[in-house]
Amino acid sequence: MCFQILAMEVAVVQAFRSLNIDPKTTTILDVGCGGGGALFQLIRLGFEPKNITGIDIQEERLAQARKIYPQVNFVKGDATQMEFSDNSFDLVFESGMFATLPNDSVRKDIAREMVGVCKPSGYFVLVDWWTPKVGDPNYKALTRKELYKLFFVGSKTELIGVHRGALVPPVGRFLSKHAPFAYFLVATCFPFLVGQVVYILKKVMRTYKNTEE
């Protein structure tokens, strides 16, 4: 399992290092932050906890996150109807959220809200899974086609980077346990086995109302 985590962290670090932002001043919204599991990566990269806001609908998970990161601003709220003003954040982030949201309407509403609260010329960093999981109705991959549809790529945003992360779980877990030396070799030689991806989007330089065109 350790190489699965390592591969994901490498992709996230590469993604953030490609951005033209100042970690000390960048304001970040972590959508579906849960217990704050992904915040360690952001803080380790130099982003200031006081400039990070996390939103989640589950209070018990937020209570856990507040204990770990008392300087971060956590908000209990529905990500399909966020109460932040439009154009509020320099960067909007999510980790593994869309893959766990099979409902098309919910996915669409959350993505619309994410686009709305991001500043013009701001960024989206989406750490998710782009490969299907056969037989699991609670899982829906964030494919590139789905990404383009949800985030209005070509009109409200542009895709500026894709970084490959962890292998599909069965393969990744097997290699992590039995052949860790081959993990990254397999990921390089058989890219179709890489199930995780970090998408980087940039909001185009216009001010949009938080509604669909």
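General observations
- Span from the the stretch 1-69 Cα centroid across to the the stretch 70-139 one, whole angstrom: 13 Å
- Accessible area per residue for the chain is 50 Å², calculated with a 1.4 Å probe on protein heavy atoms, without ligands, DNA or RNA.
- Once the Cα atoms are used to define both axes, helix 59-68 deviates from the longest principal axis of the chain by about 80 degrees.
- Binning all Cα-Cα separations of the stretch 1-52 at 5 Å, short to long from zero, yields these whole-percent fractions: 4, 17, 28, 28, 16, 6, 1.
- List Leu147, Leu6, ordered by accessible area with a 1.4 Å probe, largest first: Leu6, Leu147
- Using the Stokes-Einstein relation with a Kirkwood hydrodynamic radius computed over Cα pairs, the translational diffusion coefficient of the stretch 60-211 at 25 °C and a viscosity of 0.890 mPa s comes to 145 µm²/s.
- Of all lysines in the structure, the ones whose alpha carbon falls short of 17 Å from that of Lys149, not counting any fewer than 8 places away in one chain, are Lys108, Lys140, Lys202, Lys203.
- Two-site label geometry, Asn20 and Arg44: point separation in nm, points 7 Å out along Cα→Cβ: 2.8 nm
- If only the Cβ of Lys and Arg carry +1 and only the Cβ of Asp and Glu carry -1, the dipole of the stretch 1-70 around its Cα centre is close to 180 debye.
- Accessible heavy-atom area order of Ser85, Ser176, Ser121, highest first, probe of 1.4 Å: Ser85, Ser121, Ser176
- P(r) weight above 16 Å for the stretch 36-149, C-alpha pairs, percent: 63 percent
- Dipole of the chain, positive end: most advanced residue of Tyr183, Leu101, Gln4 [Cβ charges, Cα centre]: Tyr183
- Modelled label positions at Lys149 and Lys108, each set 7 Å beyond Cα in the direction of Cβ, lie 0.9 nm from each other.
- For Phe192 and Ile68, a Förster radius of 45 Å and the Cβ-Cβ distance give a FRET efficiency of 0.80, rounded to the nearest 0.05.
- Equivalent ellipsoid semi-axes - Cα gyration tensor, the stretch 83-150, angstrom: 24, 12, 9
- Qualifying aspartates and glutamates (Cα of each under 19 Å from Cα of Lys156; at least 8 residues distant if same chain): Asp86, Asp90, Glu94, Asp109, Glu113, Glu146, Glu212, Glu213
- Here's the list of aspartates and glutamates a cross-link from Lys67 could span, going by alpha-carbon distance under 13 Å and ignoring same-chain residues fewer than 8 apart: Glu59.
- Between helix 169-178 and the chain: long-axis angle, C-alpha atoms, 0 to 90°, nearest 10: 50 degrees
- Dividing the summed helix terms, -39500 (n - 2.57) for each DSSP H run of n ≥ 4, by the number of residues in the chain produces a 222 nm estimate of -9500 deg cm²/dmol to the nearest 500.
- The chain: antiparallel DSSP beta bridges as a percent of all, rounded to 5: 45 percent
- Cα-centred dipole magnitude for the chain, charges only on beta-carbon of K, R (+1) and D, E (-1), debye, nearest 20: 460 debye
The values are calculated or read from the model by the stated rules, or taken from the named source; none is laboratory data. Because the structure is predicted, anything quoted here is derived from the model rather than measured. Using ideal geometry, Cβ is built from the backbone for each residue, glycine included, and neighbour counts are taken over all protein chains shown. All accessible areas refer to the heavy atoms of the entire protein, side chains included, with ligands and DNA or RNA removed. Shrake-Rupley method; radii C 1.70, N 1.55, O 1.52, S 1.80 Å.
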